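J.: After the structure tokens below, expect a handful of questions from me.
Readers should treat all values here as calculations from the given coordinates under stated rules, not as data from a laboratory. Treat the numbers as computed from the prediction; the structure is a model and nothing was measured. Neighbour counts are summed over all protein chains in view; Cβ atoms, including those assigned to glycine, are modelled from backbone coordinates with ideal geometry.
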Amino acid sequence: MNSKSTKVLSILSIIAAGVGIILTLTPFRFNVGIPLSVAAIVLAAVSLKAISKGAGASKGLAVRGLVYGICAAVFNVPVLTI
């Protein structure tokens, strides 16, 4: 994986987390919001792993995607109990 691929994965994780947070407030939260939160975490983790192997330099974006993905998942947990 090269530097461009890790940036794309990091940005995709940020977008997926943002959409997951937004969809938490809609009736589509179970169908789309929760899977997008999980996808954001996975994409950020894959990007961080590639960056740690020296494949890229966008560690800040990957960490931001991971944090946003975790926040999206945390926002979805109280919704599951309703």
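J.: Can you name every residue in the range 3-20 that is hydrophobic (A, V, I, L, M, F, W, C), buried (at least 22 other Cβ atoms within 10 Å of the Cβ) and closer than 13 Å to TYR68 by Cβ?
T.: ALA16, ALA17
J.: Then there is this: List pairs: first residue in the range 32-60 and over 16 Å from ILE11 (Cβ atoms), second residue polar (S, T, N, Q) and not in a helix (DSSP H, G or I) anywhere in the structure, Cβ distance under 7 angstrom, at least six positions apart or on different chains.
T.: Short answer, once both residue conditions are applied: GLY33/THR24.
J.: On the basis of being assigned to a helix (DSSP H, G or I), without any contact (Cβ under 8 Å) to a residue 60 or more places away in the chain and either in contact with a helix residue (DSSP H, G or I) (Cβ under 7 Å, 6 or more places away or on another chain) or more than 20 Å from ASN76 (Cα to Cα) (or both), does ILE22 make the cut? Step through it out loud before you land on a result.
T.: Numbers: assigned to a helix (DSSP H, G or I): yes; without any contact (Cβ under 8 Å) to a residue 60 or more places away in the chain: yes; either in contact with a helix residue (DSSP H, G or I) (Cβ under 7 Å, 6 or more places away or on another chain) or more than 20 Å from ASN76 (Cα to Cα) (or both): no.
So ILE22 does not fit the description; no.
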